[in-house]
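Enquirer: Once you've had a glance at the structure underneath, I'll fire off some questions.
The values are calculated or read from the model by the stated rules, or taken from the named source; none is laboratory data. Worth saying up front: this structure is predicted, and the values here are computed from it rather than measured. Methodologically, a virtual Cβ is constructed for each residue, glycine included, from the backbone with ideal geometry; neighbour enumeration extends over all protein chains shown.
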Amino acid sequence: MRVDRVRMLNFKCYGDADLTLERGVTVVHGVNGSGKSTLLEAVFFALYGSKALDDRTLDDVITTGENESEVELWFTHDNREYHIERHLKLRGDRATTTKCVLETPEDTIEGARDVRKTVTELLRMDAEAFVNCAYVRQGEVNKLIHASPSERQDMIDDLLQLGALEEYRERASDARLGVKSVLDGQREVLDDVRSQVEQKEEQDLHETLNTLEKERDELTEQIDHYEAQRDQAVETLETAQEVLERHEETREEIETLGEEIDDLQSKITETERDREDAKDEIRERKEAREELADERNELLADLEREVDPGADSGAETSVEQHIDDLEERDEELQDDLADVRVSIQTKTETADRLREEADDLETRADEARTDADEIESELETTESEIGDREEKLSELEDEIDELRGRFVGGDKDEDEDKDEDEDKDEDEDEDTTDNLTVAFGEAETRLAELESDREDAVAERNDLTADLRTVENAIEEGEALLEEGKCPECGQSVEDSPHVDVLAEKREEAEELEAERETLAAEIEALDERIEQVEDLQEAERRVERLADNRDNVEQLLAQKRETIADRREQCTELREEADELESDAEAKREEASELESEVDEVRVELGKINGERSAIKETLQALRRLREIADERAELERQIVTRRERRADWQEMNEERRETLSAKRDRKRELEDEFDDARVEAAREDRQNADTYIEQVEEKLDDLEEQRDDVQGTIGGVEEKLDELERLRDRLVAVEETCETLESLYDEAETLQTTYGELRSDLRQQNVETLERLLNETFDLVYQNDSYAAIDLDGDYQLTVYQKDGESLDPEQLSGGERALFNLSLRCAIYRLLAEGVEGAAPMPPLILDEPTVFLDSGHVTQLVSLVESMRDLGVEQIVVVSHDQELVGAADSLVRVEKDATSNRSRLERGEPPEAALLASE
C-alpha cells in the first residue's frame with residue numbers, strides 16, 4: 001500500500017492543505033508544535049474515522065472557530081487506486097459525519113461503518129493493529145516493550161492473524177461444552193422416559209379398556225329405550241300445541257282485523273281533510289299569481305314598454321334577450337373601463353418615472369458641476385504644490401552639490417571623477433590632517449585602510465610599551481644593586497657586574513623607545529583625526545545617496561503631477577459638458593411628463609362617461625331580472641296548483657280503495673268469529689299438560705343415564721390417552737436413545753476440533769516466533785553492529801531476552817532509554833517484515849510510519865536509526881514516512897516536507913522541499 005495524496009480542510013491546526021507523497025523515505029520536519037504529527041493523524045483518521053481518535057471526539061478534529069472539516073485520502077493498494085472522503089459538521093455542540101465515501105475500482109461504499117469495515121478487510125488490520133504494526137505514534141515507541149508478555153502475545157497474534165484460530169478454538173470449546181450440557185440433559189430425559197414407560201406397562205390398560213366399553217354399551221341401550229318413549233310424548237305435545245297455536249292465531253287475527261278496520265277508517269277521514277287543505281292552497285296560489293302579474297305590469301310600464309307585454313312566453317323571451325344584450329354591453333364597458341384604467345395607470349407611472357429620471361439627471365448634473373468645481377480647486381492646490389516641489393528640488397540639488405564639493409573633484413560629474421581617480425597616486429600615506437583628500441565614493445575604502453593603519457600602529461605601540469617595561473625593569477634592578485654595593489645572593493661587589501655595566505645603555509635604549517612610542521602616539525592621534533574626517537565624508541556620501549533618491553522621487557512626482565493636471569483639466573471640461581447634456585435631457589423628460597398628464601385628464605373624462613353608462617345599465621338590469629324572477633315565481637305557483645290538483649285526485653282514488661279494503665276486512669272478521677271452537681281448545685290443553693309431565697320425568701332419567709355413560713366414556717378416554725401416551729413414550733425413548741448416541745459422537749468431534757485448532761495455533765505461532773526472532777536479530781544486528789549485544793531470544797510466550805556478548809542475559813527494560821527505543825523500533829520493523837513476507841506470500845503492507853522516533857535517542861542512536869530506516873527501504877518497503885526535526889534523518893530522506901505554523905493565524909502549512917543530496921547536486 002502507498003499513500004499518494006492527502007488533503008485537509010479545517011483539520012485541527014490546518015486550514016487548507018494538500019500534500020502529495022512519493023515512494024521511498026519521506027521526512028516531515030519542522031519546529032515543535034508546527035503540526036507534523038497532525039499530518040499523520042489525518043491519514044489515520046481518513047482510513048479508520050472515529051476509531052483513530054482514541055479517547056477524543058469528532059469535535060476535537062474540527063479547527064477551533066470553524067463549523068466544518070474535510071479530509072481526503074488517495075492511496076494505492078495492490079496496484080489499485082482508492083479514494084476516501086470524510087466530511088464533518090458541527091450541529092449545536094456536537095460534531096457529526098455528514099459524508100463518508102470510499103471509491104474503489106469496482107464500487108462506491110458509503111457510511112462510516114461500512115467504509116471502516118472495508119478498509120479493515122482491505123488492509124487485513126483494524127485501527128489497533130495498524131498502530132501496533134505500521135504506525136509508531138509519538139510517545140508509543142516503547143509500547144511493545146512495556147507491554148506484558150500476554151499483552152504482547154495478543155497484539156502480535158492479532159497482527160499475524162492467529163487470533164482467528166484462538167477464536168475458532170474457543171468456539172469449538174464452547175460448542176463442546178454446549179454439546180456436553182445438552183448430552184447430560186438428554187441422558188436425564190432418557191432415564192425419565194424409560195421409567196415412565198415401565199410404570200405405564202404395569203397398569204394393564206387394555207383389560208381395563210374392555211370392561212369400560214362393555215358398561216358403556218349397556219347404558220346406551222337404556223338411553224335408546226327412554227328416548228323412543230320421549231319422542232312419542234313429544235309428538236302428542238306438538239299436536240296439542242298446534243291446535244292451541246291455531247286457536248291463538250285466529251284470536252290474534254280477529255284482534256288485528258279490528259285494529260286495521262279502525263286504522264282504515266281513521267286514514268279515510270284524515271285524507272278527506274288533506275283534500276280540503278289542498279283546495280284552500282290552490283286558491284291562495286291563484287291569488288299570489290295575480291299579484292305577481294300586477295307587479296310585472298308596473299315594471300314593464302317603468303321600462304317604457306321595452307318588452308312586449310303580450311303573451312307570457314313572448315314577454316319572457318324579450319326580457320331574456322334584453323338582459324343578454326345589456327349584460328353583453330356591460331361586459332364591453334368593463335373591458336373598456338379596464339383598458340382606460342390601465343392607460344391611466346401606465347401614463348401616470350410613466351410620467352412619475354420621467355420626473356424621477358429628470359430629478360436624477362438634474363442631481364447628476366449638479367454632482368458633475370460640483371466635481372468640476374472640486375477639480376478646479378484641486379488643480380490650483382496641485383499647481384501650488386508643483387511650485388513648492390520645484391523649489392524643494394532646487395534645494396536638494398544645492399545640498400548635493402555642497403556635499404560633493406567636500407570630496408576631490410566633487411564639483412564634477414561622476415564620470416569625470418572616475419577618470420581623475422584613475423590618474424591619482426594610490427599611495428596616500430603622506431596625507432596629513434589638513435590636506436586629506438578623498439574622491440567621492442571611496443570613503444568606505446579609505447576608512448578601512450586608515451583603520452587598518454591604526455590597528456598596526458596600536459600593535460606596534462603595544463610592542464614598544466612591552467619592550468620599554470622590560471628595559472625599565474632592568475634599569476631598576478641595576479640601580480638597586482648600586483645602592484646596595486654588594487650582591488644580596490653572593491656578597492660580591494657589584495661595580496663590575498654586567499647589570500651595572502649596561503645600565504647606561506639601558507637608559508639610552510629606554511629614551512629611544514619612549515621617543516618612538518611618543519611618535520607612534522602622535523601618529524595614532526593623527527590617524528584618529530583622519531578616521532573621524534573620513535567617517536564624516538562617508539556619512540556625506542550616504543547623505544548624497546539619500547538626497548539623490550529624494551531628488552529622483554521629487555522629479556518623478558513632479559512629472560506625475562504635471563500629467564495629472566492635464567488629465568484633470570480635460571476631466572473638468574468633460575464634466576461641465578456632461579452636466580449641460582444632463583440638464584437638457586431632464587428638461588425634455590419633464591416636458592414629456594406634462595404631455596402624459598394632459599392625456600391622463602382626457603382619459604379620466606372618458607372614464608366618467610363609461611361609469612355613467614354602466615350605472616344606467618345596472619338599474620335596467622335590476623328591473624329586467626326582477627321580471628325574470630316574477631315569471632319564474634308565477635310558473636312555480638302554476639306548477640304547485642297543478643300538483644295539488646293531482647294530489648286531490650290521488651287522495652280521492654286512495655280513499656275509494658281503502659273503502660273497498662275496509663268492506664273485505666269486515667267480512668273476514670265475521671268468518672273467523674264463526675269458526676272459533678272452545679271444546680277442542682280445552683282438550684288440546686289437557687294433552688299438552690300430560691305430555692309435559694311425562695317428558696319432564698323421562699328427561700331426568702335420560703340425564704342420569706347419559707351422565708353415567710359420559711363418566712364411563714371419560715374413563716375410557718383417559719385409558720385410551722394413557723395407551724397413546726405409552727406409545728408416544730416408547731417412540732420418544734427410541735428417539736432420545738438415538739439423540740444421545742449422536743451427541744456423544746458430536747462431543748468427541750468437537751473435542752477433536754478444539755485440540756486441532758489449539759495445536760495448529762501453537763504450531764503457527766512457533767513458526768512465526770522463529771521467523772520473527774530471525775528477522776528481529778537481523779534487524780538488531782544491523783542496528784548494533786560491533787556493539788556489546790550478541791543476540792535476542794523470543795520464546796513461544798513472546799518473552800523477550802537480550803544476550804550480551806559475554807553471555808549475560810538482560811530484560812529489555814534494563815536497556816538504556818535510547819537502546820530501548822531502538823530495540824522497540826527493531827521489533828516493530830521485524831513484525832512489519834514478517835507480515836509483508838509471511839502472510840499469503842508478499843502482502844501489500846501499508847506505509848511504515850514513524851512519528852518522532854528520536855525522542856529518546858542521542859546522536860549516536862539517531863545514526864543507528866538512520867541505518868534501520870535505510871535497511872527497511874533496501875528490503876523493499878515501498879513507502880516510509882518519518883516525522884522528525886533531526887537533521888541526520890532529514891539528510892537520509894528521499895523527499896522532504898516542511899511544516900510551518902503562522903504565528904498570526906495559528907494555522908499550519910506544508911511546503912515540499914528537496915533532500916540535501918538533491919540540493920547539493922543542484923548547487924554544483
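Enquirer: Residues of region 389-404 being in contact (Cβ under 8 Å) with a residue 40 or more places away in the chain, among the acidic types (Asp, Glu) and more than 25 Å from LEU537 (Cβ to Cβ), which ones? Step through it out loud before you land on a result.
Expert: Filtering region 389-404 down to residues in contact (Cβ under 8 Å) with a residue 40 or more places away in the chain leaves 389-390, 392-393, 396-397, 399-400, 403-404.
Retained after the next criterion (residues that are among the acidic types (Asp, Glu)): 390, 397, 399.
GLU390, the sole residue that qualifies.
Enquirer: If you don't mind, another one. Please determine, by comparing only the residues of region 887-908 that are part of a loop (DSSP other than H, G, I, E, B) and free of Cβ contacts under 8 Å to residues at least 40 places away in the same chain, which one is nearest to THR76 (Cα to Cα).
Expert: Taking region 887-908 and keeping what is part of a loop (DSSP other than H, G, I, E, B), we get 892-894, 902-907.
Remaining after also requiring free of Cβ contacts under 8 Å to residues at least 40 places away in the same chain: 902-904.
On the way: ASP902: 32, ALA903: 36, THR904: 37 Å.
Ranking the qualifying residues of region 887-908, first place goes to ASP902.
Enquirer: Residues in region 765-782 that are hydrophobic (A, V, I, L, M, F, W, C), at pLDDT below 75 and under 47 Å from the mean Cα position of the chain (by Cα): how many?
Expert: Residues that pass the stated criteria total 1.
Enquirer: Name the one entry in LEU73, LEU47, LEU58 that is more than 24 Å from LEU21 (Cβ to Cβ) and in contact with a helix residue (DSSP H, G or I) (Cβ under 7 Å, 6 or more places away or on another chain).
Expert: Matching residue, one of LEU73, LEU47, LEU58: LEU58.
Enquirer: Can you pull out the residues in region 177-204 that are over 20 Å from VAL734 (Cβ atoms) and in contact (Cβ under 8 Å) with a residue 24 or more places away in the chain?
Expert: Correct list: VAL179, LYS180, GLN203.
Enquirer: Here is a check on your reading of the model: is ALA586 among the small types (Gly, Ala, Ser), surrounded by 13 or more Cβ atoms within 10 Å (Cβ to Cβ), more than 30 Å from GLU332 (Cα to Cα) and more than 60 Å from the chain's Cα centre (by Cα)?
Expert: It is false that ALA586 is among the small types (Gly, Ala, Ser), surrounded by 13 or more Cβ atoms within 10 Å (Cβ to Cβ), more than 30 Å from GLU332 (Cα to Cα) and more than 60 Å from the chain's Cα centre (by Cα).
Enquirer: Residues to consider are ARG404, ARG446; find the one that is surrounded by 11 or more Cβ atoms within 10 Å (Cβ to Cβ), touching a Gly at 6+ places or on another chain (Cβ under 6 Å) and modelled with pLDDT of 75 or more.
Expert: Testing whether each residue is surrounded by 11 or more Cβ atoms within 10 Å (Cβ to Cβ), touching a Gly at 6+ places or on another chain (Cβ under 6 Å) and modelled with pLDDT of 75 or more leaves just ARG404.
Enquirer: Would you mention how many residues in region 527-545 are under 15 Å from ARG454 (Cα atoms) and surrounded by fewer than 16 Cβ atoms within 10 Å (Cβ to Cβ)?
Expert: 4
Enquirer: So which residues in region 35-87 are in a strand (DSSP E or B), over 17 Å from the mean Cα position of the chain (by Cα) and free of Cβ contacts under 8 Å to residues at least 60 places away in the same chain, if there are any at all?
Expert: Hits for region 35-87 are ARG80, TYR82, HIS83.
Enquirer: Could you pull out the residue among GLU103, GLU128 that is surrounded by 13 or more Cβ atoms within 10 Å (Cβ to Cβ), in contact with a helix residue (DSSP H, G or I) (Cβ under 9 Å, 6 or more places away or on another chain) and charged (D, E, K, R)? Write out each step before concluding.
Expert: Numbers: GLU103 fails: in contact with a helix residue (DSSP H, G or I) (Cβ under 9 Å, 6 or more places away or on another chain).
Just a single option satisfies the conditions, and that option is GLU128.
Enquirer: Looking at (1) in a loop (DSSP other than H, G, I, E, B); (2) closer than 24 Å to SER908 by Cα, find the lone condition where MET125 falls short.
Expert: (2)
Enquirer: Mind listing whichever residues of region 63-80 are of a type outside the set (Ser, Thr, Tyr) and surrounded by 21 or more Cβ atoms within 10 Å (Cβ to Cβ)?
Expert: VAL71, LEU73, PHE75
Enquirer: Here's something else I'd like to know. State all residues of region 855-883 that are modelled with pLDDT of 75 or more and either of a type in the set (Phe, Trp, Tyr) or assigned to a loop (DSSP other than H, G, I, E, B) (or both); if no residue qualifies, say none.
Expert: VAL877, GLU878
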